Amino acid sequence: MNQFICTACGTQYPASSTPPKICTICEEERQYVNPNGQAWTTLEELIQSQQYENNILLEEENLYSINTSPSFGIGQTAYLVKGKDYNLLWDCITFIDENTKEKIAQLGGINAIALSHPHYYSAQIEWAEAFGVPIYIHEDDQEWIMNPSDRIILWSGETLVLNEGLTIHRLGGHFKGGAVLHWEAGNEGKGVLLTGDIIQVVADRKWVSFMYSYPNLIPLPAKKVREMADKVKPLSFNRIYNAFHKIVKEDANHSVQLSADRYIKAIQGEWFQT
Ligand SMILES: [Zn+2]
Ligand SMILES: [Zn+2]
């Protein structure tokens with residue numbers, strides 16, 4: 001029996017003797033099946049290959065990024081946020097080995113895991129089991145949990161306070177339960193938003209975007225984008241970290257508002273002539 005992992009998206013499935021027929025996450029229109037065909041691996045195989053390692057980098061005081069090298073699956077970054085006697089793993093990656101566990105233990109371990117959306121559920125159960133912690137997922141995305149576990153706590157409503165100064169906000173958009181993490185103490189108390197793919201930092205780091213599908217370039221409706229920007233407007237933050245190690249370093253709330261305005265004008269055909 002193996003817990004097979006899809007090599008394209010990094011999602012781990014429950015133990016089975018043969019690989020699943022399809023990867024539900026990749027078959028869905030927001031992702032894509034590898035043009036070379038569906039392929040599977042296991043965490044044991046990844047570790048034994050000795051090809052992969054996790055890099056843990058200090059991004060700013062009390063914030064570390066965790067990323068696998070070479071890139072595996074979607075290639076996202078997870079973040080360890082150190083709150084007051086409470087360490088949160090924001091989003092998750094597939095690869096985890098003894099070296100990673102030791103390094104994270106040296107940083108004080110993990111008290112909980114919270115996810116922005118299903119593309120980063122990856123091998124979250126491996127991480128939760130390694131540190132004996134719960135996983136917080138919005139109930140609206142329950143159907144995308146491929147590997148069920150008692151570790152998973154479904155939350156509902158629009159906000160969830162995980163700890164003092166660490167609150168998740170449901171914005172929806174890319175996924176119905178799509179959530180961002182507001183870290184009040186981040187960036188020397190000016191506030192940080194960790195957004196996964198829910199608010200996407202784009203190539204020009206002064207701007208962000210909002211999509212239903214990033215790989216397949218499917219936009220969101222104007223009404224939804226306005227709603228998402230309105231939801232973060234009252235939050236105090238001036239920096240955003242996305243899931244790909246891209247950062248809006250300052251004035252990030254203003255960037256979100258300007259970006260929402262530009263996006264809405266663009267999809268309504270009011271901004272440029274074609
Ligand atoms: Zn997949
Ligand atoms: Zn995504």
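The values are calculated or read from the model by the stated rules, or taken from the named source; none is laboratory data. Model, not experiment: these values are computed from the prediction. Ideal geometry is used to build each Cβ from the backbone, glycine not excepted, and the neighbour counts take in all protein chains shown. Ligands, DNA and RNA are stripped out before the accessible areas are found, and what is left, the full protein with its side chains, is counted by its heavy atoms. Shrake-Rupley method; radii C 1.70, N 1.55, O 1.52, S 1.80 Å.
Numerical summary
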{"item": "Identity of the residue in segment 168-186, open to solvent by 20 Å² or more (accessible area, probe 1.4 Å) and in contact with a strand residue (DSSP E or B) (Cβ under 7 Å, 6 or more places away or on another chain), that ends up nearest to ligand 2 (Cβ to nearest atom)", "result": "Arg170"}
{"item": "Extreme residue, surrounded by the fewest Cβ atoms within 10 Å (Cβ to Cβ), among residues of segment 120-143 that are part of a strand (DSSP E or B) and more than 16 Å from ligand 2 (Cβ to nearest atom)", "result": "Tyr136"}
{"item": "Residue that is farthest from ligand 2 (Cβ to nearest atom), among those in segment 62-78 that are under 17 Å from Ile47 (Cα atoms) and in a loop (DSSP other than H, G, I, E, B)", "result": "Pro70"}
{"item": "Test: residue in segment 17-25 that is more than 16 Å from ligand 2 (Cβ to nearest atom), among the small types (Gly, Ala, Ser), at pLDDT 95 or above and open to solvent by 10 Å² or more (accessible area, probe 1.4 Å)", "result": "yes"}
{"item": "Hits in segment 73-119 - residues which are within 16 Å of ligand 1 (Cβ to nearest atom), surrounded by fewer than 24 Cβ atoms within 10 Å (Cβ to Cβ) and closer than 25 Å to Val161 by Cβ", "result": "none"}
{"item": "Selected residue [open to solvent by 50 Å² or more (accessible area, probe 1.4 Å), hydroxyl-bearing (Ser, Thr, Tyr) and either in contact (Cβ under 8 Å) with a residue 60 or more places away in the chain or within 16 Å of ligand 2 (Cβ to nearest atom) (or both)] from Tyr212, Tyr241", "result": "Tyr212"}
{"item": "Residues of segment 37-57 that turn out to be part of a loop (DSSP other than H, G, I, E, B), away from ligand 1 (no atom under 13 Å from the Cβ) and without any contact (Cβ under 8 Å) to a residue 24 or more places away in the chain, as a count", "result": "3"}
{"item": "Selection within segment 256-274 - surrounded by fewer than 23 Cβ atoms within 10 Å (Cβ to Cβ) and closer than 16 Å to Val192 by Cα", "result": "Gln257"}
{"item": "Matching option when the condition is farther than 23 Å from Asp261 by Cα and more than 16 Å from ligand 1 (Cβ to nearest atom), among Gly165, Gly178", "result": "Gly165"}
